[in-house]
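Notes to accompany the following structure.
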Amino acid sequence: MLTRRGEAALAWLGAWGRAFRFAAGALAAAFTPALYNSATRTVVQKQIYFTAWQILATFTAFAAVLSLVIIQISVSTARDFGLSDYALEVVIRVLVLELLPLLTALFVALRSGAAINTEVALMNINNEIRALEAAGVDPMRFEFMPRVIGGTISVLALTALASLMALVLGYVTVYGLQGSSLPDFGRVMGKVFTIPILLGLWVKCLAFGVAVTVIPIVAGLDAPQKLFFAPIAVLRGMVRLFFVLMLIEVAALALTYI
């Protein structure tokens, strides 16, 4: 029993070690301008198209409805307790800083993370990755790195869109369609979005974007070369991804409020 548990622990540590090494390699490659060419840019563009552009309408509608419901609940609750002056600040902190970035990452993970995991697992099982290496083609440069870049850009762009829409809806709900309250709105924005908060939000969204692409790729590469292992690899990858996203969110909350 101890031997089996030890082997399982070593396998678990090995999987996370490979994920960290792959993430470091992908980020290093992403910041190497010499690795970019027309083929790499084409893959990045396709990844952004399939990850962000194709789901833009659905995601926008979902984020708008969710934001509006939460804003109405927050504002009504604040008014019931005589805390109307803090309603907008609470909405911004809950929606823009915490909820929308996490939901965007989960949305992209379900939309593209599982697809990337399946694709890489099948490429690994069918020996396509080895065939690329034998042909002198670097899989990291032409297959994996563009997906990481495209997925990360998609998460950042969708989060920015959802956050901007939540701010507009929050302003309209609290102040109505009037421009005279813009100075007060700007004061609340300045109070919430300090430099450390903005930096932390950017780092968290960047970590979300890297996670939703790196972990599915590594899970696909770890799949044994048997076809029936492909669904298992996808399941393991999505469980790991969910765990990492929650861990990033908890760490961000702890660093911000503790």
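The values are calculated or read from the model by the stated rules, or taken from the named source; none is laboratory data. All values reported here derive from a predicted model rather than from experimental measurement. Quick reminder, even Gly has a Cβ in these numbers, built from the backbone with ideal geometry, and neighbours come from all protein chains shown.
Some points to look at:
A quick yes/no check of all residues on (1) part of a loop (DSSP other than H, G, I, E, B); (2) of a type in the set (A, V, I, L, M); (3) touching a residue at least 40 places away in the same chain (Cβ under 8 Å):
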| position | (1), (2), (3) |
| --- | --- |
| Leu103 | no, yes, yes |
| Ala109 | no, yes, yes |
| Arg130 | no, no, no |
| Gly151 | no, no, yes |
| Ser163 | no, no, yes |
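- Matching residues in the range 211-258 - criterion: being more than 20 Å from Ile116 (Cβ to Cβ) and crowded, with 18+ Cβ neighbours inside 10 Å: Glu249, Ala252
- Leu106 surrounded by fewer than 18 Cβ atoms within 10 Å (Cβ to Cβ), within 30 Å of Val43 (Cα to Cα), in contact with a helix residue (DSSP H, G or I) (Cβ under 8 Å, 6 or more places away or on another chain) and not small (Gly, Ala, Ser): yes
- Pick from the range 132-172, criterion more than 22 Å from the chain's Cα centre (by Cα) and at pLDDT 85 or above, ranking: farthest from Val75 (Cα to Cα): Val168
- Looking only at the range 21-40, and only at residues there that are without any contact (Cβ under 8 Å) to a residue 40 or more places away in the chain and either buried (at least 16 other Cβ atoms within 10 Å of the Cβ) or basic (Lys, Arg) (or both), the one that is nearest to Gly151 (Cα to Cα): Tyr36
- Every residue from the range 4-25 that is at pLDDT below 75 and in contact with a Lys or Arg (Cβ under 9 Å, 6 or more places away or on another chain): Ala15, Trp16
- When the range 96-131 is limited to residues that are among the charged types (D, E, K, R) and under 15 Å from the mean Cα position of the chain (by Cα), the one that is modelled with the highest pLDDT turns out to be Glu98.
- Residue in the range 73-93 that is part of a helix (DSSP H, G or I), touching a Leu at 6+ places or on another chain (Cβ under 6 Å) and crowded, with 16+ Cβ neighbours inside 10 Å present: no
- For first residues located in the range 173-192 and surrounded by 11 or more Cβ atoms within 10 Å (Cβ to Cβ), partners that are of a type in the set (Lys, Arg) and lie 6+ apart or on another chain with Cβ distances below 7 Å form the pairs Val192/Arg93.
- Per-region count, the range 205-255, residues among the polar types (S, T, N, Q) and in a helix (DSSP H, G or I): 1
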